[in-house]
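Everything below concerns the one structure shown next.
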Amino acid sequence: MNSTGTAPATVRALIDAQASLRPDAVYAVATETGRHLRYAELRASCRRFAALLAAHGAAPGDTVSVVMPNGLATLRVLLGALWGARCVNPVNLLAQAEQMRYVIEHSDCKLVVVAPEWHERIRALVETIERPIAIVVVDPDTAADTFADTFADTAAPRGALGLADAAGDPLPPAAEAVALLMYTSGTTGRPKGVMLTQANLAANAGAIAAEHALHSGDRVLGVLPLYHINAFAVTMLAPLASGGSVAMAPKFSAARFWAQAAEHGCSWLNVVPTIVSYLLEGETPPREPLARLRFCRSASAALPPEHLRAFESRFGIGVIETMGLTETVAPSFSNPLDAARRKLGSVGRASGCEARIVDSAAQPVADGVTGEIAIRGPNVMRGYYKNAEATAAAFTADGWLRTGDLGHRDGDGFFFVTGRIKELIIKGGENIAPREIDEALLAHPAVLDAAAVGIPDKHYGQEILACVVLREGAACGEDELRAFCTARLGRYKTPKQLRFVGDLPRGPSGKVQRLKLADLAG
């Protein structure tokens with residue numbers, strides 16, 4: 001809360017509130033160098049970066065694309081742009097060159113901020129776009145001094161900040177101003193630009209902090225990429241709402257993960273199921289150095305119950321399963337902080353918003369009935385950028401966001417997700433959730449990872465293909481796995497085809513890109 005007793009409605013308000021309350025408190029620490037960024041330093045950095053953007057012609061309201069890996073410099077850039085009333089467009093570093101070009105062109109960005117190693121590649125892309133786009137190279141080391149070296153060559157001219165408030169700062173962003181333009185992965189077509197406002201971001205930062213009872217002494221280990229909504233909202237923004245901090249790692253490293261958490265006194269973890277899987281394959285760390293860890297939060301994709309149980313048993317850390325979308329600033333559902341009230345296999349209850357299950361006509365259905373999950377609340381996007389048709393299709397007539405996720409709600413208000421509408425397998429007229437098959441396969445001791453998908457069949461319409469990743473050193477044949485599935489699923493839901501693969505195709509959030517698996521069908 002701020003001095004007026006209301007929750008901050010913009011990211012700038014979150015930053016300014018913490019910088020005033022605890023200027024010397026640490027907001028972020030780099031795991032590999034130990035370099036700190038304190039709240040007062042963060043606000044000063046935001047001021048300087050807003051001036052830098054203005055000097056390069058990016059006015060308040062303009063979009064600024066960011067092509068940078070994790071680090072303190074990236075935090076400064078993203079938060080500085082938000083503080084200065086610009087709209088940030090974090091570009092997925094794993095995207096193919098043509099997709100990167102599409103995002104930069106479609107976003108109408110005025111400027112691209114790049115890390116040195118990306119400079120030449122982005123310049124080559126920008127030269128193929130007709131409109132003028134400025135490029136600013138931000139080196140991680142110079143940015144540590146609040147962009148001092150960058151300013152040496154591009155000092156902001158008089159009045160570059162535009163209209164200013166009484167303190168000389170640029171006028172604060174409006175709560176309803178678009179603050180984040182984040183593109184979906186685009187696995188079934190061109191990626192869509194999700195428009196999220198300052199109010200959306202601030203509301204969900206507060207909701208995450210409240211849901212997990214975060215406080216100023218909490219620190220999260222940040223290993224997920226900041227160009228993805230999970231890390232952007234949970235790793236970067238939630239600590240601003242609680243006055244806590246983030247230990248920022250360059251990327252996820254299974255070999256360094258537990259040491260990073262211990263060395264920097266982390267009290268909670270933010271991961272995706274893929275990370276859980278990798279950690280279960282690694283060494284068991286000593287518990288004493290990790291005594292501060294209160295919980296591990298899993299999101300972005302369904303966490304198999306077998307993996308959740310194994311993680312809690314082996315590491316002694318409770319797992320809170322959550323779920324959300326880019327369109328809802330990450331989490332919209334969460335299991336309770338109290339372990340005794342969590343439900344295995346559930347993504348939890350609505351968190352910071354309302355949720356319900358609807359049928360194909362967008363009408364609510366009874367508890368226990370499978371339908372589409374719909375969400376309404378302060379975290380829900382404004383719409384898709386320059387795509388009125390997709391925006392209209394995403395909302396019901398009365399303003400609920402249609403998520404495309406299938407699931408049901410139980411009598412206690414807990415939601416269970418069974419799959420995506422587009423990924424639903426329809427065999428002989430029967431709906432089969434791919435996740436049901438995934439979980440049956442994952443129960444086999446030789447299976448590390450698995451995913452099912454529907455493939456065309458002239459008799460049934462669709463049959464089932466399952467792709468399986470075996471554990472290192474494990475041996476298991478098709479016949480054994482098929483018999484294992486039959487015992488758990490019955491013959492009808494047992495995969496017709498099994499393919500052993502080295503890895504499953506995943507997006508940046510860790511979600512399996514199921515539709516790509518269909519190419520492996522025999």
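The values are calculated or read from the model by the stated rules, or taken from the named source; none is laboratory data. Keep in mind the model is a prediction, meaning the values are calculated, not measured. Positions of Cβ are generated from backbone atoms using ideal geometry, with glycine treated the same way; all protein chains shown enter the neighbour counts. Just the protein is used for accessible areas: all its heavy atoms, side chains included, with ligands, DNA and RNA removed. Shrake-Rupley method; radii C 1.70, N 1.55, O 1.52, S 1.80 Å.
Quick notes on this structure:
- Only one of the numbered conditions (1) small (Gly, Ala, Ser); (2) over 32 Å from the mean Cα position of the chain (by Cα); (3) at negative phi; (4) open to solvent by 70 Å² or more (accessible area, probe 1.4 Å) is violated by Gly473, and that is (3).
- Residue within the range 250-271 that is among the polar types (S, T, N, Q), open to solvent by 10 Å² or more (accessible area, probe 1.4 Å) and closer than 22 Å to Pro140 by Cα present: yes
- In the set Ala44, Ala58, Ala73, only one residue is farther than 29 Å from Leu214 by Cα and not in a strand (DSSP E or B); that residue is Ala58.
- The one condition in (1) open to solvent by 10 Å² or more (accessible area, probe 1.4 Å); (2) closer than 30 Å to Glu389 by Cα; (3) among the hydroxyl-bearing types (Ser, Thr, Tyr) that Thr197 fails to fulfil: (1)
- All conditions in (1) open to solvent by 30 Å² or more (accessible area, probe 1.4 Å); (2) modelled with pLDDT under 90; (3) closer than 24 Å to Leu325 by Cβ hold for Gly429, with the sole exception of (3).
- Checking Lys516 against (1) in contact with a helix residue (DSSP H, G or I) (Cβ under 9 Å, 6 or more places away or on another chain); (2) basic (Lys, Arg); (3) at pLDDT below 90, the condition it does not meet: (1)
- Single residue of the range 342-366 satisfying the filter (farther than 16 Å from Arg409 by Cβ and free of Cβ contacts under 8 Å to residues at least 24 places away in the same chain) that is surrounded by the most Cβ atoms within 10 Å (Cβ to Cβ): Ser360
- Complete set of residues in the range 276-301 that are among the hydrophobic types (A, V, I, L, M, F, W, C), surrounded by 21 or more Cβ atoms within 10 Å (Cβ to Cβ) and within 19 Å of the chain's Cα centre (by Cα): Val276, Cys296, Ala299
- Pairing each residue of the range 487-498 that is more than 14 Å from Ala433 (Cβ to Cβ) and open to solvent by less than 30 Å² (accessible area, probe 1.4 Å) with any residue that is among the polar types (S, T, N, Q) and part of a helix (DSSP H, G or I), provided the two are 6+ apart or on different chains, yields C-beta distances under 8 Å for Thr494/Thr486.
- The range 401-482 holds strands (runs of 3 or more DSSP E) entirely within its bounds, and those carrying 2 or more residues that are of a type in the set (Asp, Glu) and touching a strand residue (DSSP E or B) at 6+ places or on another chain (Cβ under 6 Å) map to 447-457.
- Matching residues in the range 245-288 - criterion: being farther than 17 Å from His307 by Cα, in contact (Cβ under 8 Å) with a residue 60 or more places away in the chain and not aliphatic (A, V, I, L, M): Ser245, Pro250, Lys251, Arg256, Gln260, Glu263, His264
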